[in-house]
Structure formats: C-alpha cells, structure tokens
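> Take a look at this one; I'll ask things after.
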Amino acid sequence: MATSRPVVSVYQFDNPSEKKCTLPMPVVLTCGLRPDLVRTVHRDMSKNKRQAYALMKKSGYDTAAESWGTGRAVARIPRVPGGGTHRAGQGAFGNMCRGGGMAHPTVTWRRWHRRLNVKEKRHAVVSALAASTLPPVVMARGHRIGEVAELPLVITDGIESTQKTKQAYEILRKLGCGDELDRVLRSRKIRPGQGKSRNRRYVKRLGPLLVYAEDNGIVRAFRNIPGVETASVDRLNLLRLAPGGKFGRFLIWTEGAFKKLSDIYGTLKSGCPLKKNYRLPRALMENADVARLINSDEVQSVLRPKLDPPKKAVTKKNPLSNPKVMAKLNPGFLKKRLLRKQAHEKGTPEYELVQKAKKARIEESKKYNKEHKKGPNT
C-alpha cells in the first residue's frame, strides 16, 4: 500500500523532474477507509443546501366549480360553471382532472435539511483523505494518473504564487495531469432533463483538487481550468473530497498544506491539536487477515477439540412401498420390474419371448395328452 511509505517526495512545481526534499507521511493519511460513512455523510450534507419549493395554495382551485349532482348521467366531480366555451362543464378541483389540484401537494415546511454529528463529518473527511493516497482507489474512480510520479503528489509552495491560468495549465501538464485534463474536456456534454434550460446546460467530470495553505493567487489562476478545483487545507469539504459520495479523488498538495496536516490532525496518541475533543479513528484490528489469526498456533493451541455434529435419526422407509429403497437392497429390482412391464406390452421383444414360450408350452401339453391320455384315463 502507498500509505506504508514513511516519507513522501516533494517536487519542484516548475520542474517536476527535480525533487526538493522529503516529508514524513502524516498519520491522517494512513487511517482506515470507511466508504459507508462517507456515503452517509455526503448524502446528508448535500441536502443542506436545498431551497424550499411548493405549490401556490390556490393552484387548481381558482374557479367557482360545483357538482351537477345526480340524475344527469355524468360523474359527480365539481364542474366549471358558465357556457359558450370549452372550459364550461369541464371537471375541476380533483387531482384526476385537467387543471385540477395536486394530490398531496408539496409544502414549504418539509424537512429539507439534515443534522450531522461533527465527529462523523470529521471521520468521513479523514477517510476521504486516506483514500486519496491509494492509486488503485483513485484509478477506480476514473482519474488518469498513469504519468503522475507518486501519490500523494506534493509540490513546492511556489505554485501558490501563480497568477496566470496559462502558467497554471502548463504546470499541471508537467506534473503528468495531461491525460486527466483531456478526460475532463472530452466528458463535456449537454445535461439530460430540464436542467439544460435552467442555467446549467452542460455537465462534465471532475479533475484534480489542489489543496493549498495560503492563497497568493492560486485560486484565481486555477479557477478557469475545466474540472480543476482548489481548497484550503484549513477548510476541507467532504463534498469536494468525495464527489458523489465516492472517495478517491486525485489530490495535489502544496508543501505547506502537506506539513499542516500533521499540525491539524496530529497522531493517534497526541490527538488533534486544532480540533477540540477529536482523535483520529483507530482501526479495530491491526491485522485484518482473519484466516491467518484463526489458524495461528497461539489461537489453535487453546481451542477445544472439534466436536462432531450429532447424528440425526434417519426415517426408516418400507422397501415394499418405496422402489428406491428396494433398489438399494436388491440392485436388479428396477430392471426386473421393467422387464415384467414390457412382457405385457405388444410389440416389445420381451412380449414376443413370453408368447413364444407360452405357445411351446401349449404344444408340449397337447402332445403329452395325445400320447398318454386315452380311453377312461382322459
């Protein structure tokens, strides 16, 4: 795993082939992955920016419709009064009527937002950060990182002073993000549904997220590159770290932001200095190979011997009424029964043999009677 490396290389932002130094791997990037927690927190957080919508109270009921009652061979639904127009006499108010009221109409006092525990949100952010250091997880999310030197990708702080978008684009190309930027450009397409006519016509995939410590022009330089986003290390948002509730986003760290991770989250023993009453989540098992633990000599030596399962009482079946049981006791039983059956069916070889033997027996009896039974002995 990538998180097992003790140090991470820092590359020059303008010359990625040159390494400046190495930094120790922050403990927060070695924590366990919790995809279930990330999905749950992302789902509830994304609901907190919704705005209320509802029907107008009078929509569907803005007419003086009354039922015609019984006796006119029409339904008793309220009908629009008047005459001389197609609207007169049409059904109204009912949710099954054209222009009628809505069944169970939407209201503004729906429970739009969700409350979230602070510790759960912090655990989800930690899990998303740890997932961004694993190349298989990042690639499984769709990012093209084949030409990237290593993950996590850390560059010098000089990139925070970038002022021009053209310069920022060239830096990303040199870092090996060219395939990733091309993927974002190719993914641009028209949004399906009504959103295309509501000021959000196009959609595209998301590219790398650049995490910085100080904004000396980096936000302005990178904000116009499609798919590229920036975030401060002090204000990391799960909606940006795990878009769609799936962690593994491609992160690019500046040297100052990477150093600050240890100051913010600390270690498993020290706790988090800048987050009150919070400690990094500790894995329940140091070794997740359960089969190896169970089969180890230490565990097997103290276990009781394996118990044989209790023998179940077998129901005794009558072979005279059960052909399968009889076949086990008498292996030729089924074949003999089949031959007896075929001996009574015309056209079968067995039937011909039986008839031939019967005919011979009758002729032998006649011959015997003709020879020995004469006179009073007949």
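> Counting other Cβ atoms within 10 Å, which trypsin sites (Lys or Arg not before Pro) in the range 1-52 have at most 15 and lie in a DSSP loop? Provide the component values of the computation, followed by the final result.
On the way: sites: Lys19, Lys20, Arg39, Arg43, Lys47, Lys49, Arg50; in loops: Arg50.
Loop-located and lightly packed - Arg50.
> Test of the criteria: in the range 143-208, which trypsin sites (Lys or Arg not before Pro) are in a DSSP loop and have at most 11 other Cβ atoms within 10 angstrom of their Cβ?
Numbers: sites: Arg144, Lys164, Lys166, Arg173, Lys174, Arg183, Arg186, Arg188, Lys189, Lys196, Arg198, Arg200, Arg201, Lys204, Arg205; in loops: Arg144, Lys164, Arg188, Arg198, Arg200, Arg201, Lys204, Arg205.
For trypsin sites (Lys or Arg not before Pro) across the range 143-208 that sit outside H, G, I, E and B with at most 11 neighbouring Cβ atoms in 10 Å, the list reads Lys164, Arg198, Arg200, Arg201.
> Quick check for me: using +1 on Lys/Arg Cβ and -1 on Asp/Glu Cβ, what's the dipole size of the chain about its Cα centre, in debye to the nearest 20? Let's see the in-between values first.
Values: 77 positive and 32 negative charges, 636 e Å.
It works out to roughly 3060 debye.
> Taking Rg and Dmax of the Cα atoms in Å as the quantity of interest, determine which of [x] 28.3, 123; [y] 26.3, 97; [z] 42.0, 142 was computed from the displayed structure.
Among [x] 28.3, 123; [y] 26.3, 97; [z] 42.0, 142, the one derived from this structure is [z].
> Kindly express, to the nearest 10 degrees and within the range 0 to 90, the angle between helix 349-372's C-alpha long axis and the longest C-alpha principal axis of the chain.
10 degrees
> Now a separate question. Grab the DSSP H runs of the chain that are 4 residues or longer, score each as -39,500 (n - 2.57), total them, divide by all residues and round the 222 nm result to the nearest 500 deg cm²/dmol. Don't jump to the answer; show the numbers that get you there.
Working: 13 runs with 121 residues, N = 378.
So the calculated ellipticity at 222 nm is -9000 deg cm²/dmol.
> In the range 1-84, carbon and sulfur make up what percent of the accessible area (probe 1.4 Å)?
After summing per-atom areas, the C and S share lands at 52 percent.
> Could you identify which residue out of Gln355, Gln12, Gln167 has the top mean-square fluctuation in a GNM of the chain using Cα springs shorter than 10 Å?
Fluctuation is largest for Gln355.
> Which residue fluctuates the most in the chain, going by a Gaussian network model with Cα springs under 10 Å, if the choices are Gly69, Gly195, Gly178?
Gly69
> Out of the total accessible area of the range 247-378 (probe 1.4 Å, heavy atoms of protein only), what percent is carbon and sulfur?
Details: 6460 of 11430 Å².
Of all accessible area on the range 247-378, carbon and sulfur atoms account for 57 percent.
> Grab the Cα-Cα distance for Arg76 and Val7, subtract it from 0.36 nm times how many residues apart they are, and report the gain in nm with one decimal. Mind dumping the intermediate values first?
Details: separation 69, 0.36 × 69 = 24.84 nm, distance 7.98 nm.
That works out to 16.9 nm of additional length.
> Holding the Cα-Cα limit at 26 Å, pick out from Lys49/Lys269; Lys20/Lys174; Lys328/Lys358; Lys119/Lys196; Lys121/Lys259 the pairs that are longer than that. Provide the component values of the computation, followed by the final result.
Numbers: Lys49/Lys269 36 Å; Lys20/Lys174 16 Å; Lys328/Lys358 33 Å; Lys119/Lys196 38 Å; Lys121/Lys259 22 Å.
Where the Cα-Cα span goes over 26 Å, the pairs concerned are Lys49/Lys269; Lys328/Lys358; Lys119/Lys196.
> Relative to 2.2 N^0.38 Å, what does the C-alpha radius of gyration of the range 86-221 come to as a ratio? Two decimals please. Mind dumping the intermediate values first?
Numbers: Rg = 24.1 Å, N = 136, 2.2 N^0.38 = 14.2 Å.
So the range 86-221 has a normalised radius of gyration of 1.69.
> Rounded to the nearest 20 debye, what is the charge dipole size of the range 331-378 about its Cα centre when +1 sits on each Lys and Arg Cβ and -1 on each Asp and Glu Cβ?
On the way: 15 positive and 6 negative charges, 25 e Å.
Magnitude of the dipole: close to 120 debye.
> May I pose another question? Can you give the local net charge around Leu134? Use residues other than it whose beta-carbon is closer than 14 angstrom to its beta-carbon, Lys and Arg +1, Asp and Glu -1. Can you show the working numbers first?
Working: positive: Arg5, Arg34, Arg141, Lys246, Arg249; negative: Glu150.
Around Leu134, the surrounding residues sum to +4.
> Same structure, new question: Rounded to the nearest 20 Debye, what is the dipole magnitude of the range 287-348 about its Cα centre when Lys and Arg each give +1 and Asp and Glu each give -1 at the C-beta?
960 debye
> When ligands, DNA and RNA are left out and all protein chains stay put, how many square angstrom of accessible area per residue does the chain have with a 1.4 Å probe?
In whole numbers, the chain has 69 Å² accessible per residue.
> Give, as a single signed number, the net charge of other residues whose beta carbon lies under 13 Å from the beta carbon of Gln12, with Lys and Arg counted +1 and Asp and Glu -1.
Numbers: positive: Lys19, Lys20, Lys174; negative: Asp14, Glu18, Asp157, Glu255.
Charge balance near Gln12 sits at -1.
> Something else now. Under a GNM of the chain (C-alpha, springs under 10 Å), which listed residue has the highest mean-square fluctuation: Leu320, Leu274, Leu55?
Leu320
> Could you give me the radius of gyration and the Dmax of the range 243-287, taking only the C-alpha atoms into account and expressing both in angstrom?
13.4, 33
> Once label points are set 7 Å from the Cα along Cα→Cβ at both Asn216 and Ser296, what is their separation, rounded to one decimal in nm?
Calculated label separation equals 5.0 nm.
> Another question, then. What ranking do 219-231, 126-138, 252-264 get when scored by the average of other Cβ atoms within 10 Å per residue, highest first?
Working: 219-231: 17.5, 126-138: 22.8, 252-264: 20.5.
Ranking, from highest mean packing down: 126-138, 252-264, 219-231.
The values are calculated or read from the model by the stated rules, or taken from the named source; none is laboratory data. From a predicted model like this one, the values you see are computed outputs, not experimental measurements. Every residue, glycine as well, gets a Cβ built from its backbone with ideal geometry; the counts of neighbours run over all protein chains shown. For the accessible areas, the whole protein counts, side chains as well, though only heavy atoms, and no ligand, DNA or RNA atoms are used. Shrake-Rupley method; radii C 1.70, N 1.55, O 1.52, S 1.80 Å.
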